[in-house]
Amino acid sequence: MPNIVVLGAGVSGLTCALLLSKQKGNAVTVVAKHMPGDYDIEYTSPWAGANVLPMALDHDSRWERRTWPELRRLAAEVPEAGLHVQTARVLRRQADVAADLVKAALGDGGLFDLSPWYREVMGRFRDIPPSELPPGMHSGCEFTSVCINTAIYLPWLVGQCAKHGVRFRRAVLKHVSEAAGMSHTGQKADIVVNASGLLACKLGGVMDSRVYPARGQIVLVRNEADGIMPTTSGCDDGFDELVYVMQRALGGGTVLGGTYQRGNWDPNPDPNIAMRIMKRAVETHPELTGGKGVEGLDIIRHGVGLRPAREGGVRIEKEMIDGTWVVHNYGHAGWGYQGSYGCAERVVELVDEIVGKTKRASKL
Ligand code: FAD
């Protein structure tokens, strides 16, 4: 019986735990410093919007391609998971296209490509005709997406895991190999899944110096948006500021964003940035306040989350550390939700490879 400890209870760890627990015979324990319900600067997942705006380049799109059908299914068939269908609108500014800057936004991905790979994947994809473009926009597209209320979705994942026999433990680990001794079975784990997010840069045995924060500041408001989630290729307020608005399912409020500040660890909301975020949001979405401007916004909270970015991209691979197999799954930057099932599937494949190998080795 493979005995697996998943280190981390963010969207990456929980999705891995869920898929692993659905496989017969796996005994799965999740160990984490932070769990759903906590809000902490070291714990990224609760701070996400979150929606699906495909960000990868085509050659790297496996994770998002594989995740989209499951998120769409959850939105359509499992209302208690906290997702709902919304229309995404991606706008390329004339200035960014002219300066060949569209690729620079949101981590050098393919979101703003003129002919994106995801046109074949996302439902109801359409190029926006010039007559419908806002002033200053070169081009744009729309497609069916979802918005995830993370305050509902993360506890829902915990519930699904529990239903499949996963056990949960709180602990702060100094070294990844400590996880091997934390299985609820009392036996040493055969495999540790390392889903430690940003803290992979500080975790003993891993200490990945390529991992860095991409700081995201948001404002959560009670005002309602119109079911459209727009995002633009840049904004006049600076290269590391973003424009996006998304209304969360089930009364979760509307998220106004944002920033993508590489290497910035500041956990405190900056009031000047917050004001710029709100101004931009009421410009793109006047219906938020019925034309009353920023004063009409009803603020629930200001927030900051640190996206776990990584030079060279996500790390999903196996490694033997101190005599235990570790399968890494961290470094998802700004796409941890929209790539969650694709990455977790790969983790399951790697676990299967290891278990196969271990079985063969013990037969010899
Ligand atoms: P985390 O959620 O940080 O979880 C890490 C886990 O590991 C925690 O449980 C932590 O306690 C545990 N851990 C780490 N080290 C230790 C240790 N030593 N001992 C014990 N436990 C440990 N993604 C999208 O897909 N769509 C979006 O629209 C989107 N919007 C975003 C907006 C913002 C403002 C931000 C900040 C992020 C956004 N993201 C979005 C990105 C997404 O939130 C992240 O990619 C994702 O949450 C990363 O999840 P994770 O599970 O890898 O890490």
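Nothing in this text is a laboratory measurement; each read-out follows from the coordinates by a stated rule. Just so it is clear, the structure is predicted and the values come from calculations on it, not from any experiment. Using ideal geometry, Cβ is built from the backbone for each residue, glycine included, and neighbour counts are taken over all protein chains shown.
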Show me the three semi-axes of the equivalent ellipsoid for region 33-154, from the C-alpha gyration tensor (sqrt of 5 times each eigenvalue), largest first, rounded to whole Å. 28, 18, 14
Can you tell me how much longer the chain between GLN94 and GLU287 gets when fully stretched, taken as 0.36 nm per residue apart minus their C-alpha distance, in nm with one decimal? 67.0 nm
Rounded to the nearest 0.05, what FRET efficiency do HIS164 and GLN187 give with R0 = 22 Å and r taken as the Cβ-Cβ distance? Could you check? 0.70
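Can you tell me the relative contact order of the chain? Whole percent, Cα pairs under 8 Å, sequence separation 6 or more. Intermediate results must be reported in sequence, preceding the final value.
Values: 835 pairs, mean separation 88.1, N = 364.
Reported as a whole number, the value is 24 percent.
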Two-site label geometry, ASP237 and GLU80: point separation in nm, points 7 Å out along Cα→Cβ: 3.9 nm
So how much slack lies between TRP265 and LEU133, counting 0.36 nm per residue of separation and subtracting their Cα-Cα distance, in nm? 43.9 nm
In nm, the gap between the two label points placed 7 Å beyond Cα toward Cβ at GLN23 and ARG210 is 2.4 nm
What distance in nm separates the two pseudo spin-label positions at ASP60 and HIS175, each 7 Å out from Cα along the beta-carbon direction? 3.2 nm
Per DSSP helix of 4 or more residues, -39500 (n - 2.57); summed, then divided by the residues of the chain. What does that give at 222 nm, rounded to the nearest 500? -7500 deg cm²/dmol
Where in the chain lies the longest segment free of GluC sites (Glu not before Pro) that are both loop residues by DSSP (not H, G, I, E, B) and have at most 15 other Cβ atoms within 10 Å? 43-223
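Work out the P(r) tail for the chain: percent of alpha carbon pairs separated by more than 31 Å, whole number.
Here the tail beyond 31 Å accounts for 33 percent of pairs.
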Can you give me the relative contact order of region 232-288 as a percent, contacts being Cα pairs under 8 Å and 6 or more apart? 28 percent
Can you list the residues, at least 5 places off or on another chain, whose amide H is less than 5 Å from the amide H of GLY10, using H built in the peptide plane? none
